[in-house]
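See below for the structure under consideration.
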Amino acid sequence: MAIRREQLNQRSERENGLSLAVDVLVIGGGPAGTWAAWSAAAQGARVALVDKGYCGASGAAAPSGNTLWYSPPDPEQREMAVISREARNEGLSDRTWMSRVLNQTYTGLHALEDWGYPFPLDDQGQVYRRSLQGPEYMRLMRKQVKRAGVQILDHSPALELLISADGLVAGAAGIRRQVGDRASRDGINRWWIKAGAVVIASGGCAFLSKALGCNVLTGDGYLMAVEAGAELSGMEFSNVYGIVPTFASVTKNAFYRWATFTHEDGTPIEGANAGKGRPLIARALSTQPVYAQINRADETTQAMMRLAQPNFFLPFDRAGINPFTQRFPITLRLEGTVRGTGGIRIVDSTCATSVPGLFAAGDAATRELVCGGASGGGSLNAAWAISSGTWAGEAAAQFATVLGNTDDRPAFRLGGATLRSTPASTTQTLQEFIQAVQAEVFPYDRNLFRSESVLQGSLARLNTLWQEISSFTASDSQALQARETAAMIATARWMYATALARKESRGMHKREDYPHTDPQQTHRLVAHGLDHIWVTPEPQLATEDLFIREVATL
């Protein structure tokens, strides 16, 4: 994409929107974003946090029970925790990073306890720190961030990053959706925040699948980061489908470990389960309804389930269904990179990206370092959010400190997809774009059961969609939806370009035409580029001319 930098018009800033200058800007108000904001403020930085919804109430973590990858600082227990995960990570995780995450999560949870989080006691009377209730957790994090002096802008999605003349990330720009009667001249309330450093913690991409809390997660951070020159890693590991009753949105796979899955006539689906047996459920769903019944949980386990995840049972209670004694229809809902492991590539222990001044945390960042090719959902995602958020916020504050006062440095808009004033070249509506990208990523026979020809077909159609959405001229009222749509199309292209490059089956990436794992491909894949996407084995980045391979061209 030909990026056209446009310097911010200072007068326009003053007249048409909110203009701020801070040391660190955090984009995203979920677990990773709030930990990043708190961490940066603890370093003495001036910090602002913008959230698409309401910080502490939007996203996948806020309405859910969050299990945690937690281990006390006992060398033997820590080693066992790492070994147990390494066995599932398909050779792509890094035990140094895994140990760091265990350390930081332990420290973070004890800080959370000191701040007032009411951890329960287990059967032995010990404090149980392996799960967090989303509403209480995020409410406390919002309070803690405000105590630290962070300025929070709710309902203020970021649309694009700002860049300084010397190529550093210099802030972001977005819109304010609920500011009453303070409308600007052009009918839209904008914000511009200049910053010495930016942390993207805007979550992954679930393609508006309606999984619980996920519809604000549309890959916006990926698009903003790549427009600024960042890379992505692990995007082929993006095809996790969560089990959900057809009448609900709560995708909690863990409870289905105690379930029996049956065809419409009541016959069991042999081998189907909540783990590696999910593809069998997907194949059955391709021809007929599938039912589940959580009939293998004893009374003690049932009570534990209701205590740990009360929101899981609300849809059943409303429908008058006892999931332990009655079977109910289920489906699989795509959670994309939210429960996958792909995201913005981080290049060092501070969670810096390859773009100076830009840091990534939580689901917006790749989780391959701790999850490899296995799902990053559940306990590891929650631990990663605490750890990466803490490190990114601290490093962003230190980066801004080294830069000094940057309040008056010129900043430029990147003018990315849907943000340019170009003649309209498409008659498609945004809803039609959304349906088109969902048609490529939702079907099991495209995204779950992958093959060369199917991936190539989807990527070709997505490339056409990208070409059209890139020049889509959005009205002010469409600005957010247009950027979300562009981000979903871009995310799908990075997913499938990387899936084509990995010619094997590894972790959650399953190729029908390459059903086995190839030891020669035990490396991470890095994707970069917008109009042209390149996929490169990570170890060969220094000599990329030898290995670079263009896999997607408009």
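Compute the projected area of the convex hull of the Cα atoms of region 430-523, averaged over all viewing directions, and report it in nm² to one decimal place.
6.4 nm²
Report the FRET efficiency, 1/(1 + (r/R0)^6), for Gln326 and Asp408, where r is their Cβ-Cβ distance and R0 is 60 Å, rounded to 0.05.
So, using R0 = 60 Å, E works out to roughly 0.35.
Identify, among Thr390, Gly372, Gly340, the residue whose Cα sits farthest towards the positive end of the charge dipole of region 329-401, taking +1 on the Cβ of Lys and Arg and -1 on the Cβ of Asp and Glu, with the dipole about the Cα centre.
Gly340
Lys/Arg Cβ at +1, Asp/Glu Cβ at -1, dipole of the chain taken about the Cα centre: which of Gly320, His110, Gly234 is farthest positive-ward?
Gly320
Determine the per residue accessible area of the chain with all protein chains present and a 1.4 angstrom probe, expressed in square angstrom.
Ligands and nucleic acids excluded, the figure is 39 Å² per residue.
When only Cα pairs under 8 Å and 6 or more residues apart are kept, what is the percent relative contact order across the chain?
Relative contact order here is 21 percent.
Taking only the C-alpha atoms, wrap a convex hull around region 212-331 and report its volume per residue in Å³ as a whole number.
Each residue corresponds to 134 Å³ of Cα convex hull volume.
Between region 317-353 and region 190-256, what's the alpha-carbon centroid distance in Å?
11 Å
State which helices in the chain qualify, where a helix is a whole DSSP H run, it must extend 18 Å or more along its own axis by its Cα atoms, and its mean Kyte-Doolittle hydropathy must be at least -1.0.
Span-like helices here: 95-115, 379-403, 452-470, 479-501.
Express in nm, to one decimal, how much length is gained between Asp74 and Gln478 on full extension, taking 0.36 nm for each residue of separation and deducting their alpha carbon distance.
140.2 nm
Using +1 on the beta carbon of Lys and Arg, -1 on that of Asp and Glu, and nothing else charged, what's the dipole of the chain about the Cα centre, debye to 20?
Its charge dipole is roughly 780 debye.
Give me the Kirkwood hydrodynamic radius of region 138-248, using the inverse of the mean 1/r over all pairs of distinct Cα atoms, in Å to one decimal.
Here the Kirkwood hydrodynamic radius works out to 16.7 Å.
Determine the share of the chain's accessible area contributed by carbon and sulfur atoms, expressed in whole percent, with a 1.4 angstrom probe.
50 percent
Per-residue counts of other Cβ atoms within 10 Å, averaged by peptide: what ranking do you get for 444-456, 385-397, highest first?
The peptides rank, most packed first, as 385-397, 444-456.
Can you give the convex hull volume per residue for the Cα atoms of the chain, as a whole number of Å³?
Roughly 155 Å³ of hull volume per residue.
In angstroms, what radius of gyration and Dmax does region 11-109 have, counting Cα atoms only?
Gyration radius and largest Cα-Cα distance of region 11-109: 18.5, 61 Å.
Calculate the spin-label point distance for Ala165 paired with Thr260, positioning each point 7 Å from the Cα along the beta-carbon direction, and give it in nanometres.
It is 7.4 nm.
Could you give the nm distance between label points at Arg139 and Leu280, where each point is 7 Å from its Cα heading toward the beta carbon?
About 4.2 nm separates the two model spin labels.
Relative contact order for region 264-389 using alpha-carbon pairs under 8 Å, separation at least 6, rounded to a whole percent?
Across region 264-389, relative contact order equals 18 percent.
With r as the distance between the Cβ atoms of Thr429 and Val179 and R0 = 30 Å, compute the FRET efficiency 1/(1 + (r/R0)^6) and round to 0.05.
0.65
How big is region 388-492 by the Kirkwood estimate over distinct Cα pairs, in Å?
For region 388-492, inverting the mean 1/r across all distinct Cα pairs yields 16.5 Å.
For the chain, what number of Lys pairs, 8 or more residues apart or on separate chains, have alpha-carbon atoms under 27 Å from each other?
The result is 14.
Quick one: check the C-alpha center-to-center distance for region 39-98 versus region 120-135, whole angstrom.
About 17 Å separates the Cα centre of region 39-98 from the one of region 120-135.
Could you calculate the contour length gain from Glu512 to His110, that is, 0.36 nm times the residue separation minus the distance between their Cα atoms, to one decimal place in nm?
Here the answer is 140.2 nm.
Quick one: Cα centre-to-centre distance for region 277-291 and region 468-542, in angstrom?
Going from one Cα centre to the other spans 26 Å.
Assuming R0 = 56 Å, what is the FRET efficiency of Tyr54 and Thr267, from their Cβ-Cβ distance, to the nearest 0.05?
The formula returns an efficiency of 0.75 here.
The values are calculated or read from the model by the stated rules, or taken from the named source; none is laboratory data. Bear in mind that the values here come from a model prediction, so they are computed numbers and not experimental data. Cβ atoms come from the backbone with ideal geometry, glycine included; neighbour counts cover every protein chain shown. The protein model used for the area step is the full one, side chains on, heavy atoms only, and it has no ligands, DNA or RNA in it. Shrake-Rupley method; radii C 1.70, N 1.55, O 1.52, S 1.80 Å.
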